[in-house]
Structure formats: structure tokens, C-alpha cells
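See structure below.
The values are calculated or read from the model by the stated rules, or taken from the named source; none is laboratory data. If you're wondering where the values come from, they're calculated on a predicted model, not measured in any experiment. Neighbour counts run over all protein chains shown; Cβ positions are idealised from the backbone, glycine included.
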Amino acid sequence: MAYDVVVIGSGPGGYVCAIKAAQLGLKTAVIEKRATFGGTCLNIGCIPSKALLHASEVFHEAGHSHATLGVDVSTPKLNLPAMLAHKQATVDANVNGVAFLFKKNKIDTFIGTGKVVAAGKVSVTGEDGKVQEVEAKNIVIATGSDVAGIPGVDVAFDEKVIISSTGALELEAVPEHLVVVGGGVIGLELGSVWARLGAKVTVVEFLDKILGPMDGEVSKQFQRMLEKQGIEFKLSAKVTAVEKSGKGAKVTFEPVKGGDAQTIEANVVLVSTGRRPYTDGLGLKEAGVEVDDRGRVAINDHWQTNVSGIYAIGDVVKGPMLAHKAEDEGIAVAEILAGQAGHVNFDAIPSVVYTQPEVASVGKTEEELKAAGIEYKSGKFPFTANGRARAMLHTDGFVKILADKATDRVLGVHILGYGAGEMIHEATVLMEFGGSSEDLARTTHAHPTMSEAVREAALATFAKPIHM
Ligand code: FAD
């Protein structure tokens, strides 16, 4: 049978694309090589990490700030197997949910490795080695990404002592000392999980700041907060070796600018230096599908590859490696295939670090605006001046709003604080509609809420905030 659309990969990009395509009346199939649907995000990424982040926060809260709030709790005891079981139950509920949605939308599924044979033809190799061919008017490549490792360094992952993010989601005991190589989102989220559960955590980062492209001021203050929580940082440090050693493993690094090498011993080393687009075994070369200089499937502005009828979305193409970006591209491609106008606004894709406090941002950073020569004004408001934050003992952090100097249009919003990942969406909606900081400042916000700080920061871009 010929399908209208065959999607290779069932991560947030692939499964959302398939559901939308089926909803729009297209005969759709999905090919997935993992035993469960949902891709990296649902199986070994966003969902399990958020389950552990929340559980470890509850554990930490129980042992720390409750006394100040008048709640006496005897020292909490960690039940790691139960915590990991909660994580797995959350994953199971989500991946089963995708299987249910495939059935509900009458999407055919093939379990096996998909390979593009040519435009209109995909082969699926099952675990038993049997190969079947599937015909499709359109093919959508949504094969995602995989752990990248450290350029030029041989890292022998065993997922027990030298681990990737996948191993960091299932450690059977809290390591005494965890060294995290890479101070990006994944390393800081998972590092903070194990720090809260009792590990000493040291982060070794190549750049002179954590969280790479995030706003510099946010990154600096966030680092201070993590340091207060006991996490240590070695910045501007180039890792040259990660090896097993007596105690567990050791990490050797030297200053980026040159100098003596240092070695740190650890029980466990988490290497979280980024992810690479995953196209292994996809047959792209044979099918004539071009990749770019970073190994990503090359696409035009409509997610079309150079071969007619073959599209690509999500982590395997350019743009931020985020689940919601993959989802939105999946929807846009399904709409295009159904004859509609699919679109994604890449200027308004929020990005969240789910630590405690959270970091969230949308749009341009101050560094980006300066580099582009755009004149802007900045408004800032700290959570120390927010009544709800004080009531909840969550006064760390601030909201910063960057607006065009001439037009007042909001160009970037950066929030460091409790609940930042939820608050960022009012800024995202505002930016989607091309709103100004005055629009935001004149919008009534319920009192008392953390979101009032967003309004006050908007007010600070063109007038004075009320509560400061
Ligand atoms: P994937 O989710 O990687 O899915 C690709 C699927 O394709 C996989 O299931 C794979 O098995 C399958 N596949 C590959 N090749 C083939 C083939 N040849 N045949 C058949 N199937 C194939 N993003 C966020 O936005 N928020 C977060 O909080 C977040 N947390 C994360 C935490 C961790 C620890 C990690 C690792 C990532 C996190 N991410 C997060 C990133 C997010 O997981 C990815 O951006 C997202 O999964 C990309 O979706 P995708 O559909 O492009 O690919």
C-alpha cells in the first residue's frame, strides 16, 4: 500500500508530524527502531529527567526550607529505587500514550530500522533481520540526535562509571563525587539532580561561562546560585582525557589558554558535551539526500531536502535541539503536505533549564543585540521585590526584558527564578504577536503572582517599576 506520508522516527518531531498528518486526512505510517515510541525526549530525555528533577527537589525541600515555613520534618530518607520507579512509570505512561494516539488516529506503525531507498520508497529492517519495503508519496526524516562525546577525546561510555545523560537517569546509587563534563542544559539539570541527592558535583566547562548561548548576566547569576547549592565549576577548561581509574574514573583537563594539566578523580563522570544529528544507517548518501557541514540533513525553509518528496525535521536538522521546536516543525510539515501553509516562528521559541531555580528565555540576548548593532532598552525586576516570591521563599533571580529602542517591540525576555519555565510563555505569546513592552506593562496581572515581576520588568523598560 502506498502511504501519503511515512515518518522515520517517533520522537516529538515524528510522532507529532504523524498525528497532525493523520488528522488532516493523510494516510500515514511511522517507522521506529526503538521498542517504544516517543524518541529521545519521552524515553531518555525530557520526561525522565523532569521526573528526577522534581523528585530530587521534593527530597531537598523536605530537608531544608520547610522548617522556616513552620513545617518540622525529621531528616528525610532517600528511597532511590522508588524514585527511579516513579521516573519509569512516568516514561511508561507517556510512551504508551503515544501508542494510543497512533491507534486512535489510525496511523500504521512499523518497528524496525528505516532506510531511505529512494524518493517514495523506504525499507524497514526488523530485529529478526527481515526487510520489508514501504511506499510513500512523502517521506519525513525525524531520526533525532545521539550523544556527541568530546571532540578528539576517546570516551568509553559504560553507562555505570563513564556515563552519558542516559546513564545519569538510572544510577543505582548516589555517587560520592560526580564530575560533569559540559556545563550546558543537560549537564546542569542532571548534575543538580545528583547534587540534591547528596553527591559532590564538579562541572568542567570549555567556555568561560555556563549555559553557552544564554544571556551573559543570567548565566553569571545562575552560576553563583548553583555554587551556593554546592556545585563547583572549572571554567575555560579543555578536557583532554576521561579514563577509568581506581576510584572510578578520572578527568584530565588543561586551561583553554594553555597551562598545566589537572586531574580530578570521581566515582562517576557524566559526559554531556552536546548531541549530534543521528543519520546512521539511513541511506542518505545512496538516496542522494544532502547533509550540511555539521552532518545535519540539509533543508530549505519548508523542511524540504534536495530530493523531491523527502522532508526532515527536529534534532536531525538545523536549529535548536528542543522537543517543542521538533514538534512545531512536525506540525508545519504535515500542514504543508496537506496543502496548507505550515510555518514556525524561530524568533519566538522559548528555551528552559529545569533546575531550581529555573532559567527561561525567548528571543535575543543582550550579546546578540549588541553584535547585530540593534539599539535596545532593558528593564529588570528582581524577585526579592515580589510579594509572592517572598511568601514562598523563592526570591532568587530576576526578570529582564529587552525591547527595541525606537519601536518598543519586545526582542528578548530572560527569566531566572522559581517557575521561570511557566512564566516565559506570556512573553512568548507577546512576541508572537509582535507586542511591545508597554503592551505587557499595561496588561493586568493577578496579584500576588510571580508573573507580576514580568510586568514590572516591562514597566522598567520605559518608566519606573512600582515596587522598587
Ligand atoms: P528524537 O526524540 O531523538 O527521536 C528520534 C527517534 O528516531 C528515536 O526514537 C530513534 O530511535 C528513531 N530513529 C532513529 N533512526 C531511525 C531509523 N533509521 N529508523 C527508525 N527509527 C529511527 N528538549 C526540550 O525541549 N526540553 C527538555 O526538557 C529536554 N530535556 C532533555 C533531556 C535530556 C537528558 C536529553 C538527552 C534531551 C533533552 N531534550 C529536551 C532534547 C529533546 O529530547 C530533543 O530535542 C527531542 O527529542 C528531538 O526530537 P526528535 O523527534 O527530533 O528526535
Just one of ASP146, ASP208 is at pLDDT 95 or above, surrounded by fewer than 18 Cβ atoms within 10 Å (Cβ to Cβ) and not in a loop (DSSP other than H, G, I, E, B); which is it?
-> ASP146
Residue in region 6-27 that is of a type outside the set (A, V, I, L, M), more than 16 Å from GLU189 (Cβ to Cβ) and assigned to a strand (DSSP E or B) present = no
Could you identify the single residue in LYS137, LYS160 that is under 24 Å from the mean Cα position of the chain (by Cα), away from the ligand (no atom under 12 Å from the Cβ) and surrounded by fewer than 21 Cβ atoms within 10 Å (Cβ to Cβ)?
-> LYS160
Within region 184-206, track down each residue that is of a type in the set (S, T, N, Q) and within 16 Å of the ligand (Cβ to nearest atom).
-> SER192
So, of the residues in region 28-51 that are part of a helix (DSSP H, G or I) and among the β-branched types (Val, Ile, Thr), which turns out to be nearest to THR113 (Cα to Cα)?
-> THR40
Within region 89-120, the count of residues that are assigned to a helix (DSSP H, G or I), more than 18 Å from GLY39 (Cβ to Cβ) and among the small types (Gly, Ala, Ser) comes to 1
Could you check, for region 327-341, whether at least one of its residues is assigned to a strand (DSSP E or B), within 12 Å of the ligand (Cβ to nearest atom) and either among the small types (Gly, Ala, Ser) or under 28 Å from ALA55 (Cβ atoms) (or both)?
-> no
Residue pairs within 8 Å by beta carbon, gap of at least six or interchain, first lying in region 268-291 and in contact (Cβ under 8 Å) with a residue 24 or more places away in the chain and closer than 24 Å to PRO213 by Cβ, second surrounded by 22 or more Cβ atoms within 10 Å (Cβ to Cβ) and among the charged types (D, E, K, R), listed first then second, are ARG275/ASP315; PRO277/ASP315; TYR278/ASP315
Have a look at GLY70, GLY120 and point out the one that is of a type in the set (Gly, Ala, Ser) and either without any contact (Cβ under 8 Å) to a residue 60 or more places away in the chain or closer than 26 Å to MET321 by Cβ (or both).
-> GLY70
From the set of residues in region 1-28 that are surrounded by fewer than 24 Cβ atoms within 10 Å (Cβ to Cβ), small (Gly, Ala, Ser) and at negative phi, which is nearest to the ligand (Cβ to nearest atom)?
-> ALA22
Checking VAL58 against (1) aliphatic (A, V, I, L, M); (2) touching a residue at least 24 places away in the same chain (Cβ under 8 Å); (3) away from the ligand (no atom under 11 Å from the Cβ), the condition it does not meet = (2)
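So that you can scan it fast, the table gives a plain yes or no per residue for (1) in contact (Cβ under 8 Å) with a residue 24 or more places away in the chain; (2) more than 24 Å from THR355 (Cβ to Cβ):
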{"residue": "ALA199", "(1), (2)": "yes, no"}
{"residue": "VAL203", "(1), (2)": "yes, no"}
{"residue": "PHE206", "(1), (2)": "yes, no"}
{"residue": "PRO213", "(1), (2)": "yes, no"}
{"residue": "LYS234", "(1), (2)": "yes, no"}
{"residue": "LYS238", "(1), (2)": "yes, yes"}
{"residue": "GLY246", "(1), (2)": "no, yes"}
{"residue": "GLU254", "(1), (2)": "no, yes"}
Among residues belonging to region 270-308 that are polar (S, T, N, Q) and in contact with a strand residue (DSSP E or B) (Cβ under 7 Å, 6 or more places away or on another chain), point out the one that is farthest from the ligand (Cβ to nearest atom).
-> GLN304
